[in-house]
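The values are calculated or read from the model by the stated rules, or taken from the named source; none is laboratory data. Keep in mind it's a predicted model, so treat the numbers as computed, not measured. All Cβ positions, glycine included, derive from the backbone under ideal geometry; neighbour counts span all protein chains shown. Each accessible area value is taken on the protein alone, full model and side chains, heavy atoms only, with ligands, DNA and RNA left out. Shrake-Rupley method; radii C 1.70, N 1.55, O 1.52, S 1.80 Å.
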Amino acid sequence: EVKGSGRGAACRFVPGMQARAEERRGLERDLAQALDRGELSLAFQPIVEASDERIVGFEALLRWTHPRLGNVPPAKFVPVAEDTGQIGRIGDWVLREACAWAARWPDDIIVSVNLSALQFDDANLPRTIRRALADNRLAASRLELEITESVFLKDRPATTAVIARLKALGVRFALDDFGTGYSSLGYLRKAEFSRIKIDRSFVQRAATDAGESTAIIQAIVSLATSLGMATTAEGTETRAEFEACRALGCGQIQGYLFGRPMPPEDATALVALKVAA
Ligand code: C2E
Ligand code: MG
Ligand code: MG
Ligand code: MG
């Protein structure tokens, strides 16, 4: 007899689903006002060069401080924003805010911004990005856009065209979370990415497993190199992981080892100090 497989278990399941649906409706409702109420902010996580551990950029990561729930992680609210169509407005804000901060950093520090696949449905995306750059007098070469393969899942002919237009401006693209999800090497041809970000699941096993993750990272780096793309190892928490990734040829490293996502003021102070030194 399998415990909990009876009628009672099925009945008990229902209230849980209701609670989840209610929580979800609450998040949808609250998120609709979050931007206007100033509850959204960006955190910036340093990205360092593997060879000398110098900061070369920051990834902008969205934060929501809910008045009652506190910090709601993006893994929880970004999907809500996508399903309700709010990601358009929020995504535009992220782009403008990230560019405004980057404009205060030294010229050789870039900013990396995550784009949702749905933002490619907006025909105004290239214009929004041009404006965010122009309004802040930020060179296009200082903006990198991170997208995942999910961008290509729904075969919108517009997507590759939009990417091409943005690339013509000088904006660069990185393929995020590579090695997870729907990875298909075919996607690498769809857009000429400047960079592949190796998912942290490989990075974090590289120092400990029997060599499978090492082999995968090695293959990704070799693939990237032969296609003229750079690599970043994501989620590097320990020295051992860092050393392993550097030895495997990853050009850039990002992870708690070099810094957690931090308030914009702290990130700005960090690179200001580097310049003064
Ligand atoms: P992502 O783009 O892959 O971002 C990296 C995530 O890994 C971040 O989580 C970051 O805090 C976390 N991370 C960095 N280093 C380490 C480490 O050493 N160890 C561990 N355990 N984690 C590390 P976060 O901020 O919770 O964001 C999660 C995801 O939410 C992002 O994954 C991205 O897909 C999405 N996201 C965040 N901000 C935005 C945004 O502005 N727009 C969109 N569309 N998505 C966003
Ligand atoms: Mg990212
Ligand atoms: Mg990632
Ligand atoms: Mg991710």
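Please label the shape of the stretch 46-193 as rounded, prolate or oblate, based on the square roots a ≥ b ≥ c of the eigenvalues of the alpha-carbon gyration tensor (a/c under 1.5 means rounded; beyond that, a/b larger than b/c means prolate, else oblate).
rounded
Taking one equal scatterer on every alpha-carbon of the chain, how large is log10 of I(q)/I(0) by Debye at q = 0.12 1/Å?
For the chain, the Cα-only Debye profile gives -0.81.
Apply 1/(1 + (r/R0)^6) to the Cβ-Cβ distance of Lys154 and Asp52, taking R0 = 45 Å, and write down the FRET efficiency to the nearest 0.05.
It comes out at approximately 0.65.
Would you mind computing Rg(Cα) / (2.2 N^0.38 Å) for the stretch 147-246, counting N as its residues?
1.14
Given +1 on the Cβ of Lys and Arg, -1 on the Cβ of Asp and Glu, and no further charges, what dipole in debye does the stretch 132-226 carry about its Cα centre, rounded to the nearest 20?
Roughly 400 debye for the stretch 132-226.
So what's the back-of-envelope 222 nm ellipticity for the chain, counting only DSSP H runs of four-plus at -39500 (n - 2.57) apiece and dividing by all residues, rounded to 500?
Using -39500 (n - 2.57) per qualifying helix, the result is -14500 deg cm²/dmol.
Averaged per residue, what accessible area in Å² does the stretch 58-113 show with a 1.4 Å probe, protein chains only?
In whole numbers, the stretch 58-113 has 44 Å² accessible per residue.
Rounded to a whole number, what % of the accessible area of the stretch 60-213 do carbon and sulfur atoms account for, probe 1.4 Å?
Carbon and sulfur together cover 49 percent of it.
Can you give the Rg to Rh ratio for the stretch 118-177, taking only C-alpha atoms and Rh from Kirkwood?
0.96
Quick check for you: with a 1.4 Å probe and neighbouring chains kept, what is the accessible area per residue of the stretch 182-277, in Å²?
The answer is 50 Å² per residue.
Return the FRET efficiency for the residue pair Ala215, Ser184: r is the Cβ-Cβ distance, R0 is 30 Å, and the value is rounded to the nearest 0.05.
Approximately 0.95, to the nearest 0.05.
Measure out, as a whole number of angstrom, how far apart the alpha-carbon centroids of the stretch 55-78 and the stretch 134-202 sit.
If we compute the Cα centre of each part, the gap is 21 Å.
What FRET efficiency comes out for the pair Glu39/Ser226, r = Cβ-Cβ distance, R0 = 51 Å, nearest 0.05?
About 0.70, to the nearest 0.05.
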